[in-house]
Structures are given as C-alpha cells and as structure tokens.
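The values are calculated or read from the model by the stated rules, or taken from the named source; none is laboratory data. These numbers were taken from a predicted model, which means no experiment stands behind them. Note that we place each Cβ from the backbone using ideal geometry, even for glycine, and neighbour counts take in every protein chain shown.
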Amino acid sequence: MQAQLRSSQFVARRTVVSARPALPVLGCSRINLVCKASSSPVPERDVKAKAAASIDIETSIDDELRDITVLPEPAVPKMSDLSYSAQYDQLFSEPKLQTKPCKKPSVEAQNAEEGTKNVLFSEVKAKGKRNLWFNRDYNATDKMFIGFIVLMHAACFLAPATFSWPMVATFFVGYFITGCLGITLSYHRQLSHKSFATPKWLEYTLAYCGVLAAQGDPLEWVSSHRYHHLHCDTPLDPHSPYEGFWWSHAGWLMDNEITIKRVANRNNAADLGSQPFYQHLSKYWLHHVVASFALLFAVGGLPALIWGGCLRCCWVWHVTWFVNSATHVWGTQKYNTGDLSRNNWWVGILAFGEGWHNNHHAFEFSARHGLEWYQLDVTYMLIKALQTVGLAKNVKLPTEAQKARLAFPDEPKAVPA
C-alpha cells in the first residue's frame with residue numbers, strides 16, 4: 001500500500017516535469033527516459049531511485065535556466081532625441097511617409113551628427129540629404145522649373161544695356177505690386193494665415209497680384225506654406241535649413257520628387273480649392289504670367305520686359321526665398337517657438353515686414369509681424385490703412401499675455417550673424 005502511494009506521488013511528479021517546455025540543454029532527453037510511464041507494477045526500490053533521479057534532473061534544469069541570460073529589448077530612441085538627419089533617415093525609410101507632425105529634432109544631436117557643417121555665420125548645423133545637382137534624376141517638373149529660373153536670371157544680364165530711370169521706376173512699381181501686395185499681403189497674411197479679411201473683389205485683386213510674382217498659384221503657395229508651419233524644421237518641412245542654406249533658399253523648388261512627398265496633399269487649402277477663382281488660377285496661372293510679360297513688352301519694349309519683368313521677378317523671388325532661408329539661420333529670437341525662426345532686420349526691410357520671422361512663428365495668426373515700435377512692417381501699415389477705410393476687418397493681433405507667455409525670460413536670444 002505504501003509503495004503504491006509513493007508510486008502515485010511519482011506519477012504526479014512525472015506529470016509536472018514533463019509539462020516543462022523542451023529545452024536544447026543536456027538532460028532533457030533523460031527526462032523522457034526516466035519518466036516514461038510503465039504499465040507493470042514498479043518495485044519500491046525502483047520508485048525511490050527514479051524519484052531521486054527526477055529530482056536531480058529537475059534541479060539541473062533549474063540551474064541551466066538560471067544560466068540563460070535574457071537580453072532586454074533594445075530601447076527605441078524618441079524622435080525628440082534624434083538629430084534632424086536621423087529623423088529624416090527614419091521617416092523616409094518607411095514605405096509611406098507619415099503626415100502627422102513629428103517632434104522637433106534635438107539640436108544637440110544635430111550638432112553632434114557626423115558630416116554636419118555650420119551654415120555660414122550661423123550656429124545652425126546642416127547636412128544635405130539630397131544631391132542638389134549631380135548624380136540625381138530630374139523629372140519633367142524639375143527641368144521646367146530649372147529652365148525657367150535660369151532663363152529669367154540670364155535675361156537679367158541685359159539690365160545694364162537697357163537701363164533708364166523710367167525702367168528703374170517700372171522695376172520698383174512691379175516690386176511693390178507683386179512682392180508687397182501680392183505675396184506678403186495676399187498670399188501670406190490673408191490667404192495662408194487668415195490674419196484679416198477683405199471683400200471678395202479686393203481679396204481676388206490682391207491674389208492676382210501674387211500670381212504676377214510667378215511663384216505659383218495661390219492654392220499651391222498657400223498649401224505648401226501651411227505645411228511649412230505645421231512641420232517647421234522637421235524632415236516633413238519642405239524647406240528646412242537643416243538640409244543646407246541653398247536647399248531652404250531654392251533647392252527644394254528644383255527637386256520635385258522629394259518636395260511633392262511633403263506637400264502633395266492640397267486638402268489643407270480646401271478653403272481656397274472650393275472657390276472657382278482659385279480653381280482657375282490653379283490651372284492657368286502661368287498663362288497670366290506670360291500675358292503680363294507680353295503686355296510689358298508691348299508697352300515698353302525690351303527694356304520694360306527686362307526691368308519690369310525678368311529683373312523684378314528674380315528680385316522678388318530671392319526676397320521671398322530669403323524669408324525661408326536667411327530668417328531661419330541669421331538674427332535673434334525673442335520668442336520660444338521651438339524652431340529656427342529668427343528676426344532679421346534686413347529681410348524685414350526687403351520683404352515689407354516679413355523678416356520679423358520669429359515673431360511670425362510665435363503668432364502665426366497675427367496681421368502684424370513687426371511687434372516692436374522699431375520693427376518696420378510696411379505690410380501691416382497697409383492692413384491698418386485698409387482697416388481705417390473699412391476694407392479690412394477681423395484684423396488679428398496677439399495679446400500682451402500671449403506675448404509674455406512665449407517670450408524668453410531674458411533679452412532676445414542672439415544668434416551669430
């Protein structure tokens with residue numbers, strides 16, 4: 001009776017041991033040998049011997065299990081701990097580029113990134129991610145853009161031969177109409193950020209002035225600019241200087257493949273896309289630009305075409321592009337925006353107030369960019385004039401509390417320039 005009881009206890013022990021997972025260690029084969037069930041009566045001495053062997057085997061397995069080192073899962077770095085370059089590599093290695101905003105890159109990690117170089121006279125360290133000129137493919141859009149830009153700049157060499165003071169006046173009038181009224185007042189502050197509202201006839205007139213700047217139609221310009229603010233200075237930004245000064249200035253315009261991945265979806269400008277006027281300009285804006293050049297030639301001949309068309313157009317291009325490049329690498333920061341935006345006085349003058357870019361990134365909705373008395377903002381002066389005569393309403397400005405909340409505690413953060 002006692003032998004049968006001990007045999008039953010061993011059967012229970014055998015069940016527990018057999019339930020352990022098979023392991024590629026010595027002794028596992030011995031379990032099956034020792035613990036094989038028997039249909040015939042087992043002598044008591046054999047039961048004791050097998051039970052002792054089973055205990056030895058179980059102890060050996062436990063020792064072997066303790067010797068196994070379980071390696072922890074490698075920690076996945078946070079996006080905010082990565083450099084811009086590392087963020088870029090991670091995001092663009094995915095089959096489908098994400099569209100939701102990602103964390104700003106770590107400035108410290110970017111500064112330590114191998115291969116980065118300081119932008120001239122700036123603390124910003126950049127590393128190119130795309131081949132700008134050689135060993136790259138050019139699609140049809142790239143060829144068209146580059147051809148148009150090169151042709152316009154080449155024509156500017158005729159400016160000395162066609163010089164006259166009336167042509168200089170033509171240049172400045174065109175500069176103001178297309179650069180100030182068209183780009184800064186209409187495309188940027190009214191259409192992109194809705195910082196004020198006007199009657200539709202005036203809105204459309206100002207937007208048409210922007211078309212004549214030859215920077216694309218309002219829908220495309222506004223959509224791309226809204227993406228810039230949504231993803232500012234992350235790899236989803238179409239023109240961050242983290243990829244180099246030239247890239248942020250004009251290089252991004254000449255690489256349609258990567259740029260279109262960042263800004264292809266125009267749904268963020270559906271407020272414009274639903275209006276027939278902007279739908280028309282989206283299809284035919286270049287026709288209007290060509291027509292304006294033809295009109296200049298018809299009225300003033302080659303000198304008017306060069307000074308009022310080509311030279312003026314290239315000048316306004318570079319002034320606008322400096323807002324994307326220079327004001328993200330040179331200047332001061334009064335507000336903690338978390339990006340590279342700077343207040344740059346000379347871009348503020350050339351771009352009719354757009355150079356107070358750190359102010360703008362702090363308060364995107366604001367109709368006024370020059371928030372200090374000494375910050376000249378011609379565009380805001382025009383908005384105030386329109387408001388005075390009843391043509392502008394819902395003019396948005398930041399409150400003192402909003403400014404205090406974002407301001408750095410000390411003097412504006414100086415950046416080498």
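Please state which of the following conditions A291 fails to meet, knowing it meets all the rest: (1) out of contact with any Lys or Arg (no Cβ under 7 Å at 6 or more places or on another chain); (2) buried (at least 21 other Cβ atoms within 10 Å of the Cβ); (3) not β-branched (V, I, T).
Only one criterion in (1) out of contact with any Lys or Arg (no Cβ under 7 Å at 6 or more places or on another chain); (2) buried (at least 21 other Cβ atoms within 10 Å of the Cβ); (3) not β-branched (V, I, T) is unmet by A291, namely (2).
State whether one or more residues within the range 232-240 are in contact (Cβ under 8 Å) with a residue 24 or more places away in the chain, crowded, with 24+ Cβ neighbours inside 10 Å and in a helix (DSSP H, G or I).
Within the range 232-240, not a single residue is in contact (Cβ under 8 Å) with a residue 24 or more places away in the chain, crowded, with 24+ Cβ neighbours inside 10 Å and in a helix (DSSP H, G or I).
Quick one: how many residues across the range 262-285 are surrounded by 14 or more Cβ atoms within 10 Å (Cβ to Cβ) and closer than 12 Å to S224 by Cβ?
Count: 5.
For the range 241-250, which positions are in a helix (DSSP H, G or I) and either surrounded by fewer than 23 Cβ atoms within 10 Å (Cβ to Cβ) or among the polar types (S, T, N, Q) (or both)?
Selection gives F245, W246, S248, H249.
Here's the yes/no breakdown for (1) in a helix (DSSP H, G or I); (2) under 18 Å from D217 (Cβ atoms):
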{"site": "D137", "(1), (2)": "no, no"}
{"site": "A154", "(1), (2)": "yes, no"}
{"site": "V173", "(1), (2)": "yes, no"}
{"site": "F176", "(1), (2)": "yes, no"}
{"site": "S186", "(1), (2)": "yes, yes"}
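Quick one: would you say Q375 is outside any loop (DSSP other than H, G, I, E, B), more than 22 Å from C232 (Cα to Cα) and more than 25 Å from the chain's Cα centre (by Cα)?
no
Output yes when any residue across the range 226-239 is acidic (D, E) and within 17 Å of V323 (Cα to Cα), and no when none is.
yes
Look through the range 188-221, keep the residues that are outside any helix (DSSP H, G or I) and of a type in the set (G, A, S), and return whichever of them is nearest to V289 (Cα to Cα).
A214
Could you give every pair whose Cβ atoms fall below 6 Å, whose first residue belongs to the range 305-324 and is assigned by TED's automatic domain parsing to the domain that holds C232, and whose second residue is crowded, with 22+ Cβ neighbours inside 10 Å and of a type in the set (S, T, N, Q), counting only separations of at least 6 or pairs across chains?
W307/T170; G308/T170; V316/T178; N324/S248
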